[in-house]
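The structure under discussion appears below in the form of structure tokens.
The values are calculated or read from the model by the stated rules, or taken from the named source; none is laboratory data. Note that this is a predicted model, so its numbers are computed, not measured. All Cβ positions, even for glycine, are placed from backbone atoms using ideal geometry, and neighbour counts span all protein chains on display.
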Amino acid sequence: MKLYGFFRSSAAFRVRIALGLKRLTADQIPVHLRKDHQRAPDYLALNPLGLVPTLIEDDGTALAQSLAIVEYLDETRPEPPLLPREPKARAHVRALAQVVACEIHPLNNLRVLNYLRRDLKQPETAVEAWYAHWIATGFEAFEAMLDRRPGRGRFCLDDAPGLADICLVPQVFNAKRYPIPLSPYPKLMAVFEACMKLPAFDAAQPSKQPDFEP
């Protein structure tokens, strides 16, 4: 397998975690988003949206969109499972994952922030306020949803990490890059700390990637 990604991309981070939890390896191919390498014709041929990640399977199939890739890995390599079997618990985990992947991340990803800066001419203070607002809105919901989870383990559902944890951890890393207080979310941060004690999460973090830049 090959994984096209960028060290700071939270979407690529999710797939790296999933690969680690599944004990799978993939050759990492950096796509430098700040240098617009994702707009290169050869990359657009793999991923027409010009986003990361893109996973290339051993048979050459190109897969895009991080949640689709993670669920594909879970379906084709089912151990350890990243989603519970029980339908209500499964729906709850997917809902938590989508708070991050559908409600927070699309509003705060690099192309949105660049549009605010370059096209709308917003000052950095306004961009940071935008970022912090959507982090707070999403994290408040995530924290409340953890109170309603079917399980009561160390992670988002029980005592094994899964899809929701895979989405949460990269978003916390993103939040830590800005002056955003995280103390209002003790349950969320407890899950984050538990995840970061696991090798799959630790090895996937941005600073440990081959294309890392300080």
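Side notes on the structure shown:
- Checking residue 107 against (1) free of Cβ contacts under 8 Å to residues at least 40 places away in the same chain; (2) buried (at least 17 other Cβ atoms within 10 Å of the Cβ), the condition it does not meet: (2)
- All conditions but one from (1) aliphatic (A, V, I, L, M); (2) within 30 Å of residue 145 (Cα to Cα); (3) outside any helix (DSSP H, G or I); (4) touching a strand residue (DSSP E or B) at 6+ places or on another chain (Cβ under 6 Å) apply to residue 69; the one that does not is (3).
- Scanning the stretch 134-167 for residues that are of a type in the set (Val, Ile, Thr) and under 16 Å from the mean Cα position of the chain (by Cα) turns up 135, 166.
- Condition check for residue 97: under 30 Å from residue 158 (Cβ atoms) and either touching a strand residue (DSSP E or B) at 6+ places or on another chain (Cβ under 6 Å) or at pLDDT below 95 (or both): no
- Residues satisfying the stated conditions in the stretch 23-45, i.e. more than 17 Å from residue 12 (Cβ to Cβ) and of a type outside the set (A, V, I, L, M): 23, 41, 42
- Qualifying residue in the stretch 137-154 (condition: at pLDDT 95 or above and under 30 Å from residue 29 (Cα atoms)): no
- Index of the failed condition, residue 83 passing every other in (1) assigned to a helix (DSSP H, G or I); (2) of a type in the set (A, V, I, L, M, F, W, C); (3) within 18 Å of residue 161 (Cα to Cα): (1)
- Filter result for residue 191 (more than 14 Å from the chain's Cα centre (by Cα), assigned to a helix (DSSP H, G or I) and of a type in the set (Val, Ile, Thr)): yes
- Within the stretch 197-214, the set of residues being aliphatic (A, V, I, L, M), outside any loop (DSSP other than H, G, I, E, B) and surrounded by 14 or more Cβ atoms within 10 Å (Cβ to Cβ) comprises 200, 204.
- Matching entry among 69, 56 (being among the β-branched types (Val, Ile, Thr), in contact with a Pro (Cβ under 8 Å, 6 or more places away or on another chain) and either surrounded by 17 or more Cβ atoms within 10 Å (Cβ to Cβ) or closer than 20 Å to residue 20 by Cα (or both)): 69
- Screening the candidates 181, 150 for the property of being loosely packed, with under 13 Cβ neighbours inside 10 Å, on the phi < 0 side of the Ramachandran plot and part of a loop (DSSP other than H, G, I, E, B) yields one hit, 181.
- For the stretch 34-53, taking the residues that are of a type outside the set (A, V, I, L, M), free of Cβ contacts under 8 Å to residues at least 24 places away in the same chain and exposed (fewer than 13 other Cβ atoms within 10 Å of the Cβ), the one that is farthest from residue 195 (Cα to Cα) is identified as 41.
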